[in-house]
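Below: one structure, written as structure tokens.
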Amino acid sequence: MMEEADGKGRAASESEQVSLKDKGNEFFKAGNYLKAAALYTQAIKQDPSNPTLYSNRAAAFLHLVKLTKALADAETTITLNPNWEKGYFRKGCVLEAMERYDDSLVAFRIALEHNPQSSEVSRKIKKLTQLARDKKRVQEVENKRSNVDMAKHLETLKSELSEKYGDAEHWKSMFSFTVETIETAIKSWHETSKVDARVYFLLDKEKTQTDKYAPVVNIDKAFESPHTHKSCFTFLRDYAEESFSKAACLVAPKSIISYPQVWKGQGSRKWKHGQSDGFFVQFESPSLQKLWFVPSSTEKGQLLCRDPEVLDIGVHELLPRIFKQKLPNP
């Protein structure tokens, strides 16, 4: 009697389990993933070694964006049937949703080994390969945007400053000032898509009347006409001398350079940087002038400043020499 009762009980249990799975599938097809997952859970309690139930519930959890649970069910599916493509496919889909594209690719490739004819898996692999490549590039762009290090690009300036100025403390302060000015401009460009046209002065801590002379002067109107350009230059030359500045950095966006005479009529002919947007940095000191263009491009939807390009200041000079020339210190 006990055996017969047990047999009838097992048969009833199997019938109920199949019914629960089928009902779960119906709810899944109807888009009711929460109800489907609940029914698959009931079915699993009655038949905990059935990989299909875990695979189905993983799919429901994926639609519900319960990714940790979905991944656990995909792993259980694989454990229960290591040779079944579906477990690896489910795992790949969940890892894709987690944006773990490299791990997702591994799962889909194992799925393809178990079913080489699966066009669905092949499409996933193609898509994920591109997504992984894109994600890597996005990360590279973000790293470049957040880890701006100009010092390594200005080694020539460092050499020239050390050669021109014997006092190490003096030229190192100029170098640090220039690096900081360019890095600040790049960060502004990355965050706001622009830089303001300004001249930054390295003031003399001992001589400058800081209540009278600020370290920054706006020059947004300087390039509108020959008159404003000349007035700006005259003002800046007086400012540099009266404030006892040691050096200056002019920062100006390319878009503001609408007065072509600043390039002595040669700019467009000798310009080698195409239509690239970006900004200029002109370094000024009593013994040295330098000019760079920092090009900008859009990479993966993000603005990215590329490495500064040295320009011929004789051709692309933005302003004439601000400082009256002095002999360098011995």
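The values are calculated or read from the model by the stated rules, or taken from the named source; none is laboratory data. Quantities reported herein were computed from a predicted structural model and do not represent experimental measurements. All Cβ positions, glycine included, derive from the backbone under ideal geometry; neighbour counts span all protein chains shown.
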**OP:** For Lys264, indicate whether it is at pLDDT below 75 and over 19 Å from Ile182 (Cα atoms).
**Re:** yes
**OP:** Among the residues of the stretch 103-124, write down those that are in contact with a Gly (Cβ under 9 Å, 6 or more places away or on another chain) and aliphatic (A, V, I, L, M).
**Re:** Leu105, Val106, Ala107, Ile110, Ala111, Val121
Subject >> Pair list, Cβ < 7 Å and 6+ apart or interchain, from the stretch 18-40 residues that are closer than 15 Å to Phe61 by Cβ to residues that are assigned to a helix (DSSP H, G or I) and aromatic (Phe, Trp, Tyr) >> reply: Gly24/Tyr40; Lys35/Phe27; Ala36/Phe27; Ala36/Phe28; Ala37/Phe61; Leu39/Phe27
**OP:** Scan the stretch 126-149 residue by residue and report those that are of a type in the set (Asp, Glu) and part of a helix (DSSP H, G or I).
**Re:** Asp134, Glu140, Glu142
Subject >> Test result for Lys21, assigned to a helix (DSSP H, G or I), closer than 23 Å to Lys127 by Cα, of a type in the set (Lys, Arg) and out of contact with any Pro (no Cβ under 6 Å at 6 or more places or on another chain) >> reply: no
**OP:** Just name the residue that is surrounded by the fewest Cβ atoms within 10 Å (Cβ to Cβ) out of those in the stretch 161-189 that are under 16 Å from Leu202 (Cβ atoms) and of a type in the set (Asp, Glu).
**Re:** Glu169
**OP:** State all residues of the stretch 68-103 that are touching a residue at least 24 places away in the same chain (Cβ under 8 Å), surrounded by fewer than 16 Cβ atoms within 10 Å (Cβ to Cβ) and farther than 16 Å from Asn50 by Cβ; if no residue qualifies, say none.
**Re:** Ala97, Met98, Glu99, Asp102
Original post:
Is at least one residue of the stretch 31-43 among the hydroxyl-bearing types (Ser, Thr, Tyr) and touching a Ser or Thr at 6+ places or on another chain (Cβ under 8 Å)?
Top reply: no
Subject >> Residue check, Arg100 out of contact with any Cys (no Cβ under 8 Å at 6 or more places or on another chain), at pLDDT 95 or above and not small (Gly, Ala, Ser) >> reply: no
**OP:** Kindly indicate whether Tyr88 is among the hydroxyl-bearing types (Ser, Thr, Tyr), farther than 21 Å from Lys126 by Cβ and either in a helix (DSSP H, G or I) or modelled with pLDDT of 95 or more (or both).
**Re:** no
Original post:
If you go through the stretch 293-310 one residue at a time, do you hit one that is touching a residue at least 40 places away in the same chain (Cβ under 8 Å) and among the aromatic types (Phe, Trp, Tyr)?
Top reply: no
**OP:** Quick one: in the stretch 154-192, of everything that is farther than 19 Å from Glu309 by Cα and assigned to a loop (DSSP other than H, G, I, E, B), which residue is modelled with the highest pLDDT?
**Re:** Tyr165
